[in-house]
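Okay, structure first, notes after.
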Amino acid sequence: MSRKERARQTETCENEIYSITSELLGLLSEKVPASSAFLWDEYQQVSGLVTKLMDLQKEADDGEWIKKEPDDVRKASFVEWCTKVGIRSHGVRLESITGFGWGVVADQPLAYGTKLLEVPRRAMLTVDAACKGKMKTAFAADPVLREMSNVALAVCVANEKLRGQRSFWQPYLDMLPEAYAMPLFFSIDDMQLVKGCSCFDDVLRLSRSVVRQYAYFRQRAATVDHSWFHDGLFGDRRFTFRLYRWAVGTVMTRINFVPASGTDLDLEPGREIVSVPAMIPFLDMFNHAEVPQCSDFDDDVGRVFASREYTPGEQVFIYYGPRPNRDFFFLNGFVCPGNTADRFELNLSISKSDKNFGRRAALLADFHLSPKAKFVLSSNSPTLSNELLLFAAVFVAKPDELDVLLSDHHYQHRDAHFLVDDVFRPETVAAARKFLDARLNLLLARYSPSSCVYGDSNDSSFSNRKLALEYVNLETSVLKHNLALLKRQEAAQK
C-alpha cells in the first residue's frame, strides 16, 4: 500500500472514530436512565458502539504499549528501577502467584512489626509528578481533569504508558496486567451473570462514565483549537479506548491516597490533611487479607510492616480495609471468601400509595426509622436485625393495630431498641417474618443459576466469568444465611 493510500485509509478510519465518539457522547450526555431495565438497554447499545470503536482502533492497539517482555525480564527491570529510585524492601521479594498475579513473599523469617518496605514520594505516580508541559496546561484548563482527581490520574497513567522508555515509571507500568478481571472489562455475556446482584446498576453506571469520559476527550481533542489539547495525549491515535479503560482499571485496582505534596503533617487539631490519589509502586503489589493494619504514610514515605510472623516462602498480606465483597468485586476485581465485613444492603420502603402510609410513617418515626430505609444483612450475624423486624411489622400491621400503637402512651418515645415481639401482636410478627421470607426468596430468584460453568480456561473471558460466579455465590450466601436466621426464629415461635 502506498503512503497516499495509507494516509487516506487512516483519515477515513479517524473520521469513523470521530463519528462513533460523537454518537456516544451525545447518547451518554443524556440523563442517566432511572430504571435498571433502561440502564441495561442503554448499556447494550453502548457496548455495540464500543465494539465498533475498538475494531477501528485495533491497529493502533497492536502498537508498543501492549507488547510485553517475559515476567522474569520485567521483574528484573522493576527491581533494578526500585533500587535507583530509593524503594527499599527488607526480607521480602516479588513473585508471580497463581490466582493472585504478582504478590509479595517472605524471603526470610519475619517477626511481627518488621519493616518490610519503604517507598519515597518521588517514586509515586501522582498527577503533580506526572503532569508536565502541555499536559499540565490541559489539566489546568479542562474542567473534567481539574475536578475529577481519579480521572486525571488515569489520564496520567495512559500518557506515561504511551511515553514508553521516556517515562520515569516505565519499569513499574510494565509490571501491570494488560487487562483486568473486573466488571469494567466484562462483555455483555459476562454481565448477564451478575444481572441480579446488588451492584449491577452501579457497574453499568461506571461503564457508562468511562465510555463517556473517553468520548469526551476524543471529541475535545478534535474540536478545541488549543495545541496543548490536541497535540498531546488526546490527539494521539494510540490513545485508544482500550488504553483508557486499562488506565482506569489500573487506577481503580491500585489507588492509594497520600497527603498532597508539601502538606504539613503536623497540622493544628481539627484541620484536615488534603489527600491526593497516588500509585505507589511495589506497595500496591501486596495482596489483601484480614490482617491488622500494617501500612502508613508519613515524612513523604509509604511504609509496610509485618502484621504477624511469617516463614520463608509465605505470601505477605496487607489490609485494604473493612469492605464488603461488593466493593472488592466492583472496584478491585477480586472477592474474599470468609470476609467478616461482607454484607448485603436490603432496601425496603412503604409506598406512598398505601392508604395507611401516614400512620405507618408516623409509627416508623417513633422507632427512628424512615419509610424508605436501608438495612444491612451481615454474613456472620447470629440474629436478624431488630430494626429490620420492626420495619417489616409496621409494613404488614393492620390499621387497627397501627391506631392502638400510635395512641398508646406506653409506647410514646419508643425507639428501635424495643423488641418486635414486645410491641406487636404475635400474628403481626409472624406476618412480618413471612414478608421478609418472601422478599429474600424473591431476591435470590433474580440471580443467574449457580450451576453455570466458567468455560474454557484458555478463553479470554474465563477470568471474568469465574470472578462473576464467585461473587454471585458469596452474595447469595449472605442472603441464604439471613434466610436461615429468619426460619430459625419462625421455628422458635411455634
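Derivation of every value follows stated rules applied to the coordinates shown; laboratory data play no part. Being a predicted model, the structure only gives us computed values, none of them experimental. Cβ: placed from backbone, ideal geometry, glycine included. Neighbour counts: every protein chain shown.
How big is the dipole moment of region 93-252 about its Cα centre under a simple scheme where the beta carbon of each Lys and Arg is +1, that of each Asp and Glu is -1, and everything else is neutral? Debye, nearest 20, please.
Dipole magnitude for region 93-252 comes out near 460 debye.
Test of understanding: what is the full-extension gain from L444 to D201, defined as 0.36 nm times their sequence separation minus their Cα-Cα distance?
85.8 nm
Kindly state, to the nearest 0.05, the FRET efficiency for Y112 paired with R88, given R0 = 25 Å and r defined as their beta-carbon distance.
Once the sixth-power term is evaluated, E becomes 0.80.
Counting only other residues whose beta carbon sits under 13 Å from that of V79, what net charge do I get with K and R as +1, D and E as -1?
Combined, the nearby Lys, Arg, Asp and Glu give -1.
Which angle between 0 and 90 degrees, to the nearest 10, do you get for helix 3-28 versus the longest principal axis of the chain when only C-alpha atoms count?
The two axes meet at around 20 degrees.
For the pair V32/V105, report the inter-label distance in nm, with labels modelled 7 Å from Cα in the Cβ direction.
4.3
Run down the aspartates and glutamates and flag those whose C-alpha is under 17 Å from the C-alpha of K31, throwing out any fewer than 8 positions away in its chain.
E23, D41, E42, D201, D202
Checking the table K52/K75; K52/K161; K52/K195; K75/K161; K372/K398 against a 27 Å threshold on Cα-Cα, which pairs fail?
Table pairs above 27 Å Cα-Cα are K52/K75.
Computed from the coordinates I sent, P(r) over Cα pairs in 10 Å bins from 0, in percent equals one of [x] 3, 12, 13, 11, 9, 7, 6, 6, 5, 6, 8, 7, 4, 2, 1, 0, 0; [y] 4, 18, 26, 23, 16, 9, 4, 1, 0; [z] 3, 16, 23, 23, 18, 11, 5, 1, 0, 0. Tell me the label.
[z]
Relative to the first principal axis of the alpha-carbon coordinates of the chain, what is the inclination of helix 200-223, with its axis defined by its Cα atoms, in degrees from 0 to 90 and to the nearest 10?
That helix lies at roughly 30 degrees to the long axis.
Obtain the nm distance between the two label points defined at K58 and D128 by a simple spin-label model: each point lies 7 Å from its Cα along the Cα-to-C-beta direction.
Distance between label points: 4.4 nm.
Would you be so kind as to identify which of A393, G321, A141 lies farthest towards the positive end of the dipole of the chain, taking Lys and Arg as +1 and Asp and Glu as -1 on Cβ and the Cα centre as origin?
Farthest along the dipole direction, towards plus: A141.
Given 0.36 nm per residue, what is the gain on full extension from K372 to D437 after removing their alpha carbon distance, in nm?
21.5 nm
Calculate, for I66 and D422, the FRET efficiency according to 1/(1 + (r/R0)^6) with r their C-beta to C-beta distance and R0 56 Å; round to the nearest 0.05.
Computed FRET efficiency for I66 and D422: 0.30.
Among P109, L204, F168, pick out the residue whose Cα is farthest towards the positive end of the charge dipole of the chain, where Lys and Arg carry +1 and Asp and Glu carry -1 on C-beta, about the Cα centre.
After comparing all options, I get L204.
Need the full-extension length gain, S22 to V144, defined as separation in residues times 0.36 nm minus the C-alpha distance. One decimal, nm.
Result for the pair: 42.2 nm of gain on full extension.
Just tell me which aspartates and glutamates come within less than 20 Å, Cα to Cα, of K355; anything on the same chain fewer than 8 places away is out.
Straight-line reach from K355, under 20 Å: D366, D400, E401, D403.
Please give the charge dipole size of the chain, origin at the Cα centre, charges +1 on K and R Cβ atoms and -1 on D and E Cβ atoms. Round to the nearest 20 debye.
720
By how many degrees, between 0 and 90 and to the nearest 10, does the Cα long axis of helix 36-56 differ from the longest principal axis of the chain?
Its long axis makes an angle of about 10 degrees.
Karplus couplings for region 359-368 from phi (6.51 cos²θ - 1.76 cosθ + 1.60, θ = phi - 60°), rounded to Hz, Gly and Pro as x?
5, 5, 5, 5, 5, 4, 4, 5, 8, 6
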